[in-house]
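Notes follow the structure.
Nothing in this text is a laboratory measurement; each read-out follows from the coordinates by a stated rule. Just so we're clear, the structure is a prediction, and the values are computed from it rather than from any experiment. Ideal geometry is used to build each Cβ from the backbone, glycine not excepted, and the neighbour counts take in all protein chains shown.
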Amino acid sequence: MTFSIARKEFQDTWRDGRFRWAAAIVLALLGVSFLLARQQVEHQRKEREEATKMERDNWLNQGRKNAHAAAHYGVYVFKPVAPLSVFDRGLQPFVGSTVYLEAHRQNQAAFLPAQDSTSMRRFGDLTAAACLQLLLPLLIILFAFGTLAGERESGTLRQALSLGVRPASLVFGKALGLAGALAALLVPVAAGGIYAFSGISGMDTTTDESWLRLALMACAYLLYLGAILAISLTVSALAPTSRSALSILLVFWAVNAVLAPRLASDLAQWSHPMPKLAELDAKLLEARKQALNSHNPNSPAMKEFIEKHRDASGKLPPNFRVLLMEESERQTNEVYEKHFGGIWDLLEAQDEVVTWGGLAAPLLGLRSASVALAGTDFTHHRHFSIAAEDHRREFIKMLNNSHGASGRELWERLPPFRYQPPSLSQAVSVAMPGLTILCLWLAGGCAALYFASRRLKPS
Amino acid sequence: MLETANLTKRFNDHAAVNNLTLKIGAGEIFALLGPNGAGKTTTINLLLGFLTPDSGEARVDGSNVASDPIAARRKIAYIPEQVMLYPRFTGIENLDYFSSLGGRKRNRAELLELLVGAGLAEESAIRRVSTYSKGMRQKVGIALALATEAKALLLDEPTSGLDPAASHEFSQLLRKLADDGVAVLMATHDLFRAREDATRIGILRDGELSGNYTAEELKDVDLEQLYLKHLAAGPAPALSEGKTESQK
C-alpha cells in the first residue's frame with residue numbers, strides 16, 4: 001500500500017506543471033553553475049601551472065648572486081585548485097592563492113580571486129552548492145506544504161483515511177513519493193556534477209579519494225534535503241491550513257538560509273572576537289623589533305647575541321654569520337608562529353561556533369561539511385599555508401648553508417614546491433561535526449513526522 | 001452490520017449526538033433526516049472513527065470503531081456530499097489509488113468494469129477528473145464502494161446538488177448495492193429520495209433519534225408533515241400526525 005501511495009504522489013507531483021517549470025529552472029541554474037565552475041577551475045589550474053613554471057624558470061635563471069640576496073629575491077608558490085571546488089568554492093574566493101616566500105618574513109597568501117571581481121560579487125556566487133543549499137529546499141517546501149494540509153482542505157485526505165489506510169503509511173508513502181520526484185530531479189544534477197568533475201582537463205580527478213569525497217558530499221546533501229522534506233511534511237500534517245503551512249515553512253527557510261548564517265557569524269565574532277588588523281600589525285611589528293634581526297646591528301638583541309658568541313679573546317667564531325642568520329630566522333619564525341597561529345586558532349574557533357550553530361539551522365551544518373569535503377574550507381587553507389611556510393624554512397636553511405656556493409647549481413638544490421592536500425580522513429574529521437548535525441536533523445525530522453502522522457486529522 | 005449503542009458525543013456542553021442507538025442490517029437503506037446541526041454528520045464521523053465518542057459505542061460488522069478504527073473502516077465505503085478526487089488523475093487512476101488504499105488491488109479491466117457498472121461512460125473513465133461533474137464524481141464513489149467490497153456504505157448528503165436525472169441514477173445504484181447486501185446509512189435533507197429509496201427512516205433532533213420508521217409504516221404518511229412536527233418543540237409526534245385528513 002505504501003508503494004501505491006508513493007507512486008501516486010510521484011505521478012501527481014510530476015504531472016503538476018508548476019513542479020516541472022520549477023525543476024527546469026533549478027536544473028538550468030545548476031547546469032550553468034557547473035559549466036561556469038568547470039571553466040573557472042580549468043582557467044585557474046592553467047594559470048597557476050603556467051605561473052609555477054615561469055616562477056621556477058625565474059628562480060633557476062636568476063644568475064649568480066649571494067645566497068642571502070637570493071633568499072631576499074624569494075620565490076612564489078601557488079595553491080593548487082581543489083577539484084571539488086566545481087561544487088563548492090567555499091572560502092576560495094576570499095583567501096589568497098599565492099604565497100611569496102622570502103627571508104625573515106612569513107607572508108600570508110595573497111591575490112584573492114574576489115579582488116578581481118566586480119561589486120556584483122556581493123550578491124554571492126552561482127554555485128552548485130548554493131543551488132542545492134538554497135533553491136532546492138525552497139522547491140521542496142513549495143511542493144510539500146500542501147501534501148497533507150492541502151489534501152485536508154480539499155477533502156481527499158478524509159476520503160483516503162475513510163478507507164482504513166494507516167495514517168503513518170499514508171504519510172510515509174507521500175514522503176517516499178515526493179522523495180522519488182526529487183530524486184528524479186537529482187539524477188540529471190548528479191550526472192551534470194560527475195561530468196563537470198571528471199572531465200576537468202589536465203586535472204587528475206580519478207583518485208579514489210576524490211570520488212570518496214564526492215560521495216560523502218552527496219551523502220551530506222541527501223541528509224540535508226531529507227531533513228527539509230521531513231520538516232516540510234511535518235508542518236503540512238500539523239498546520240490547520242495549507243496557507244499557514246506555507247507561511248511557517250517560508251519563515252523556516254528564511255531563518256535557515258538568510259538569518260542564521262549572519263547571526264552565527266555575529267555570534268562567532270562575539271564569542272571569539274578578532275582584533276583589528278591595525279592592532280595585529282602593530283603587535284607583530286613590535287614583536288619583530290624585539291627579535292634578533294641580522295640586518296640591524298644596533299639592536300639590543302644583536303648586541304646580546306654578539307656578546308654570547310665572543311670567545312675569551314673577544315673574537316667571534318668563523319661561522320658567526322651562519323649562526324646569526326639561523327638564530328635570526330628561528331626567532332622570526334617564533335614571532336610569526338605565535339602571531340599567525342593565534343589568528344588561525346581564532347578563525348578555527350569561529351568556524352566551530354558557526355558549525356555548531358547548525359543545531360539551530362541545518363544549513364550551517366551542511367556548509368561546514370560541504371566545504372570541508374570539497375577542500376575549500378579554512379582548515380585546508382591553513383594546511384596549505386603551513387606547507388608553504390615549511391617550504392620557506394627549507395629554502396632559507398638551504399641557502400644559509402650554501403657555504404659560499406652560488407649560481408644555477410645552488411638554485412637547483414631547492415626542490416619545486418609540491419603540495420599534498422589533507423587526506424580524506426583529515427577532511428572527514430573536520431566534516432564530522434557538520435555530518436553529525438545533519439544526521440540529527442534528519443532523525444529529528446523523521447521522528448517529528450512520525451508523531452505528526454499519529455495526530456493526523458482528516459479535517 | 002452498522003450498530004450504535006447509546007452513542008454520545010459532546011462538544012463543550014452541547015450534545016451533538018445523544019444516546020443514539022441504531023441497528024442497520026445488511027441490505028437495509030437507512031435514511032437519517034434532520035435539520036442542519038442535528039448531528040447527522042457527527043454520527044457519520046463517529047462511525048468512521050474520525051471522532052471519539054464520549055460514551056456508548058459504534059460497531060461495523062462487529063468491529064468496534066473506537067478500539068479498532070482501521071478494521072472498521074476497511075468494511076466501510078464513504079461518499080460525502082462531494083466525492084473528492086485527484087484532479088490530475090483520470091477516473092480509473094483515482095479508483096485504482098483509492099481501492100488500493102482500501103486494501104483491494106484490481107487490474108485495469110476490472111476497474112473499468114466497475115466504473116462502467118457505476119454508470120460512468122468508458123471514455124469518461126479515462127479522462128482527468130478535473131473535467132467531471134458532481135454526478136460523475138458520485139459514480140466514482142459508488143464504484144469505489146463496489147471495488148472495496150464494502151459491507152456498509154455511509155452517505156453524507158449524496159444527492160445534494162444533483163439534477164433529478166443524476167439523482168435518480170444514483171438511487172438506482174444505491175438500491176443495487178443494498179440488494180447485494182450492503183448496509184446503507186444515508187444522511188440527507190432530501191425527503192423525496194429518502195421516501196423513494198430508504199427501507200427505514202430516522203429523524204434526528206438535537207442529536208437524539210426522535211423518530212424511527214419503516215418504509216411500510218410511512219406508506220400513507222405525509223413525510224414532510226411528520227418531519228416538521230418532529231422538529232417542532234415538544235414531545236415526538238404520533239405517526240398518525242403525519243397522515244393527511246383523507247388518510248385519517
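Some points to look at:
- With one equal scatterer per alpha carbon and no solvent term, the Debye-computed log10 I(q)/I(0) for chain B at 0.16, 0.18 1/Å reads -1.15, -1.36.
- Partner lysines for A:Lys289 [C-alpha distance under 23 Å; skip if fewer than 8 residues away on the same chain]: A:Lys276, A:Lys303, A:Lys308, A:Lys338, A:Lys397
- Direction-averaged projected area, Cα convex hull, region A:1-90: 9.6 nm², rounded to one decimal.
- Applying the criteria of a DSSP loop state and at most 13 other Cβ atoms within 10 Å to the trypsin sites (Lys or Arg not before Pro) of region A:247-300 yields A:Lys276.
- Spin-label pair A:Lys53/A:Glu334, simplified geometry with 7 Å Cα→Cβ offset, distance in nm: 4.4 nm
- Summarising the amide proton neighbourhood of B:Ser210: residues at separation of 5 or more, or on other chains, whose placed amide H is nearer than 5 Å comprise B:Ile203, B:Leu204, B:Arg205.
- Per-residue Karplus couplings for region B:11-17, computed as 6.51 cos²θ - 1.76 cosθ + 1.60 with θ equal to phi - 60°, are listed in order as 10, 6, 9, 8, 7, 6, 9 Hz, Gly and Pro entered as x.
- Efficiency of FRET from Cβ geometry, A:Leu263 and A:Lys457, R₀ 51 Å, rounded to 0.05: 0.90
- As a rough guide to protection, the peptides A:239-245, A:377-383 ranked by mean Cβ packing within 10 Å, highest first, stand as A:377-383, A:239-245.
- Angle between chain A longest axis and helix A:17-60 axis [Cα atoms, degrees, rounded to 10]: 10 degrees
- The HN-Hα couplings worked out from phi for region A:239-244 by the Karplus form 6.51 cos²θ - 1.76 cosθ + 1.60 (θ = phi - 60°) are 5, x, 9, 5, 5, 5 Hz, whole numbers, x standing for Gly and Pro.
- If R0 equals 41 Å, the separation of the Cβ atoms of B:Thr214 and B:Arg108 corresponds to a calculated FRET efficiency of about 0.45.
- 30 Å Cα-Cα reach of B:Lys139 towards lysines, excluding residues that sit fewer than 8 places from it in its own chain: A:Lys8, A:Lys174, A:Lys457, B:Lys23, B:Lys40, B:Lys75, B:Lys105, B:Lys151, B:Lys176, B:Lys219
- Residue among B:Asn45, B:Asn107, B:Asn94 with the largest mean-square fluctuation in a Gaussian network model of chain B, springs linking Cα atoms under 10 Å: B:Asn107
- Per-residue mean of C-beta atoms belonging to partner chains within 10 Å, peptide A:160-172: 6
- Contact order for chain B, expressed relative to its length and based on alpha carbon pairs under 8 Å spaced 6+ residues apart, stands at 25 percent.
- Nearby aspartates and glutamates by direct alpha-carbon distance to A:Lys53 (threshold 19 angstrom, same-chain neighbours under 8 apart not counted): A:Glu42, A:Glu102, A:Asp204, A:Glu409, A:Glu412
- Selection from A:Leu414, A:Leu178, A:Gly404 lying farthest towards where the dipole of the protein assembly as shown points positive, charges on Cβ: A:Gly404
- Annotation: amide H-H contacts under 5 Å for A:Leu101 (H modelled 1.01 Å from N, sequence separation of 5 or more, or interchain): A:Val75, A:Tyr76, A:Val77.
- Residue exposure proxy: A:Trp14, A:Trp21, ordered by other Cβ atoms within 10 angstrom of their Cβ from fewest to most, comes out as A:Trp21, A:Trp14.
- The H on the amide N of B:Leu153, modeled in the peptide plane, is under 5 Å from the matching H of B:Ala77, B:Ala183, B:Val184, B:Leu185, each at least 5 residues off or on a different chain.
- A simple spin-label model places the labels of A:Glu153 and B:Lys134 2.2 nm from each other, with each point 7 Å out along Cα-to-Cβ.
- Peptide B:66-78 has a mean shielding of 2, counted as Cβ atoms of other protein chains within 10 Å of each residue's Cβ.
- Here A:Cys439 and A:Asp390 are evaluated by their C-beta separation; at R0 = 41 Å the FRET efficiency comes out at 0.70.
- Normalised contact order of chain A, rounded percent, pairs of Cα under 8 Å and 6 or more residues apart: 27 percent
- Approximate spin-label separation A:Ala301-B:Asp222, in nm, with each point projected 7 Å along Cα-to-Cβ: 11.7 nm
- Working from Cα pairs under 8 Å separated by at least six residues, relative contact order for region B:83-150 is 46 percent.
- Averaged over the residues of B:38-48, the number of partner chain Cβ atoms lying within 10 Å of the residue Cβ comes to 1.
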